[in-house]
Amino acid sequence: MSVYPIILSQTKFAHKENLNYPFEERAMQFGDGVYEVIRIYNGNFYLIEEHVDRFFRSAEAVKIKLPFTKNELTSLLNNLLLKNSLTTDAKLYLQVSRGSATRDHLFPADVDANIYAYIQDQARNTSALNDGVKTITHPDVRWEYCYIKSLNLLPNVLAKQTASENGAYEAILHKNGIVTECSSSNVYLIKDGIIYTHPTTKNILHGCVRMQVEKFAKDLNIPLKEEPFTVDDISQADEIFLTSSTSEVLPIVTVDDTQIGNGIPGHLTRLLQNAYENDIKTLTSNKVEQTS
Ligand SMILES: Cc1ncc(COP(=O)(O)O)c(C=O)c1O
């Protein structure tokens, strides 16, 4: 996965080789920051407005001041696409930290936030999208503000690593048996034609693809209930799937040692995948004039 050469650094553009990052930096020492991952198809952002909104919500929740408006950030990100002449399927990583300062838990005074964004190629995972993936269940040991897309991802990293070591793609997280989400995606269970997923409380990330899936379900007349399901419900599920900006709408065919449905992606999941496919086909160029 190659990183494109031009990076957004604060509100300017720079070549990736010219970037110098200090070691006394709040993101590195405290995970004191928030981030976004935005999908790009054929050089166009998907759901950029939703991601920019969430970025601002996350920053506000941890009291980090951003030096731009939502429109200004959107324009900077669009310019980053242009400067890198993006035409492929890729993803953008955007991060803000509280800034560079001598290590101290307290917020530093008069320090600017550190911001950067870069783009990396990201091919679509067609075989997983076709065949579905294996998952494991794993306790959700994260903090109580998972709606904030914070840099503190150690519990997520450990859960996903455990999944991988068990031959699985994702870890389905649960708090005392109640399924919240996955380590890096939202998760849904389908039973008797109804989609169930955890409500958008503070205990899960409010996924941008999830918002889109709610719209698809409505358009397709598939009832979607924001009601939690449990680990015990999984063995009785007709279908299970997950969503995220990099995984899209991804069927789950195995949870721990339990096969879901017939062990192949289910009908309603396929309908939602088709809706996603149609949605990204309609993406038109959202690029703007280069301003700097
Ligand atoms: C914990 C978690 N939940 C859900 C998601 C899905 O969010 P989105 O659909 O905005 O990519 C992610 C994405 O990275 C995530 O890390």
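Overview of values
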{"read-out": "Percentage, to the nearest whole number, of Cα pairs in the range 160-257 over 22 Å apart", "value": "21"}
{"read-out": "Label-point separation, LEU19 to GLU165 (7 Å along Cα→Cβ), nm", "value": "3.0"}
{"read-out": "Using a Förster distance of 25 Å, the FRET efficiency for LEU153-THR200 (Cβ separation, nearest 0.05)", "value": "0.80"}
{"read-out": "Percent of beta bridges antiparallel (DSSP, the chain, rounded to nearest 5)", "value": "80"}
{"read-out": "Spacing of the two label points (7 Å from each Cα toward its C-beta) at GLU214 and ARG57, in nm", "value": "0.9"}
{"read-out": "Sorted by Cβ density within 10 Å, fewest first, the residues GLU181, GLU165, GLU25", "value": "GLU165, GLU25, GLU181"}
{"read-out": "Value of relative contact order over the chain, rounded to a whole percent, pairs C-alpha under 8 Å and six or more apart", "value": "19"}
{"read-out": "Label-to-label distance, nm, for residues given as ASP232 and GLN10 (7 Å Cα→Cβ offset)", "value": "5.7"}
{"read-out": "Pairs beyond 31 Å (Cα-Cα), from LYS218/LYS281; LYS70/LYS218; LYS175/LYS281", "value": "LYS175/LYS281"}
{"read-out": "Rg to Rh, two decimals, where the range 88-243 supplies the alpha carbon set and Rh follows Kirkwood", "value": "1.02"}
{"read-out": "Those lysines that a straight Cα-Cα span of less than 16 Å connects to LYS215, excepting residues fewer than 8 apart in one chain", "value": "LYS225"}
{"read-out": "Rounded to the nearest 20 debye, dipole of the chain from Cβ charges on Lys, Arg, Asp, Glu", "value": "640"}
{"read-out": "Residue with peak Gaussian network fluctuation, the chain [Cα springs, cutoff 10 Å], from HIS206, HIS51, HIS15", "value": "HIS15"}
{"read-out": "Relative contact order of the range 78-197, defined on C-alpha pairs under 8 angstrom at six or more residues apart (%)", "value": "18"}
{"read-out": "FRET E, pair LYS225, TRP143, Förster distance 41 Å, beta-carbon r, rounded to 0.05", "value": "0.95"}
{"read-out": "Fraction of alpha-carbon pairs over 26 Å apart in the chain - percent", "value": "46"}
{"read-out": "Evaluated at q = 0.12 Å⁻¹: base-10 log I(q)/I(0), Debye formula over Cα of the range 6-121", "value": "-0.42"}
{"read-out": "Crossing angle, helix 70-83 versus the chain [Cα axis fit, 0-90 degrees, rounded to tens]", "value": "90"}
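Every number here is computed from the coordinates shown, using simple stated rules; none is lab data. Computed from a prediction, not measured in an experiment: that's the story for all the values here. All Cβ positions, even for glycine, are placed from backbone atoms using ideal geometry, and neighbour counts span all protein chains on display.
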